[in-house]
Amino acid sequence: MLGQYKYELLFFYPHLAKKEIPIWERFIKTNPDFFEAVDYDVTCGSGHELPNDLDEAWKRMAKYLGKYKIDVIGYKNGIHYVVEIRPNAGPSALGSTLSYAILYQTEMQGKIEAEPILITDVERPDMRKLCAEHDIGYIVV
C-alpha cells in the first residue's frame, strides 16, 4: 500500500499549519473513504543550487528546505492526489495547487496520474469556476 500514514484523524500532521489542521480534520470526518492512505510534507521541485563547499549534513538540510512542500498526497485506486489545504483560498492557492501537481508528476517521471485538489474552508467568488477551468478539484469544508 502506498502512503506512510493511514487516512484517518491523527494526533499530529507533519507540515500542516495550525490553521490548516481543522480544515483537514473536517475533510477526513466528512469524507472518510476519500483516500486509502496519505503522505504528508512531500517535497517537489528542483530547489536551490547549493555551494560545493557545504558538508553533507548541511546539503541534505538545505536541499529539503529549498524545495516546495505538498501538504498531502492522497492515494486511491492507483491515482495520486496532490492536495493543497488553504484557509480562505483565493487565486494564489489555485496556482500553488496546479504547480505542485505538475512538479510532482514530473518527479514521478509521468509514471502516475497526479490529480490536484484544493481544500478550503471558505467558498470565495469565482474559485469553483477557476478550479474547474484548470481541472483542479475544489472542496469546501
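The values are calculated or read from the model by the stated rules, or taken from the named source; none is laboratory data. Being a predicted model, the structure only gives us computed values, none of them experimental. Cβ: placed from backbone, ideal geometry, glycine included. Neighbour counts: every protein chain shown. Surface accessibility is based on the protein's heavy atoms, side chains included, excluding ligands, DNA and RNA. Shrake-Rupley method; radii C 1.70, N 1.55, O 1.52, S 1.80 Å.
Looking at the structure I just gave you, is Glu36 modelled with pLDDT of 95 or more, in contact with a strand residue (DSSP E or B) (Cβ under 9 Å, 6 or more places away or on another chain) and of a type in the set (Asp, Glu)? It would help to see each step written out before you state the result.
Working: modelled with pLDDT of 95 or more: yes; in contact with a strand residue (DSSP E or B) (Cβ under 9 Å, 6 or more places away or on another chain): yes; of a type in the set (Asp, Glu): yes.
Yes; evaluated as a whole, the condition is true for this residue.
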Checklist entry - Out of the range 108-128, which residues are under 15 Å from Phe35 (Cβ atoms) and either open to solvent by 80 Å² or more (accessible area, probe 1.4 Å) or assigned to a loop (DSSP other than H, G, I, E, B) (or both)? => result Ile112, Glu113
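To keep it simple, each residue is scored yes or no on (1) open to solvent by less than 50 Å² (accessible area, probe 1.4 Å); (2) among the aromatic types (Phe, Trp, Tyr).
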site: Leu2; (1), (2): no, no
site: Glu20; (1), (2): yes, no
site: Ile23; (1), (2): yes, no
site: Phe27; (1), (2): yes, yes
site: Thr30; (1), (2): no, no
site: Ala37; (1), (2): yes, no
site: Pro51; (1), (2): no, no
site: Leu65; (1), (2): no, no
Checklist entry - Could you give every pair whose Cβ atoms fall below 8 Å, whose first residue belongs to the range 103-121 and is free of Cβ contacts under 8 Å to residues at least 40 places away in the same chain and within 23 Å of Asn88 (Cβ to Cβ), and whose second residue is open to solvent by less than 60 Å² (accessible area, probe 1.4 Å) and polar (S, T, N, Q), counting only separations of at least 6 or pairs across chains? => result Pro116/Thr97; Leu118/Thr97
Checklist entry - Is it the case that Tyr104 is in a strand (DSSP E or B) and closer than 27 Å to Ala37 by Cα? => result no
Checklist entry - Residues of the range 63-96 being in contact (Cβ under 8 Å) with a residue 60 or more places away in the chain and of a type in the set (A, V, I, L, M, F, W, C), which ones? => result Ile73, Ile85
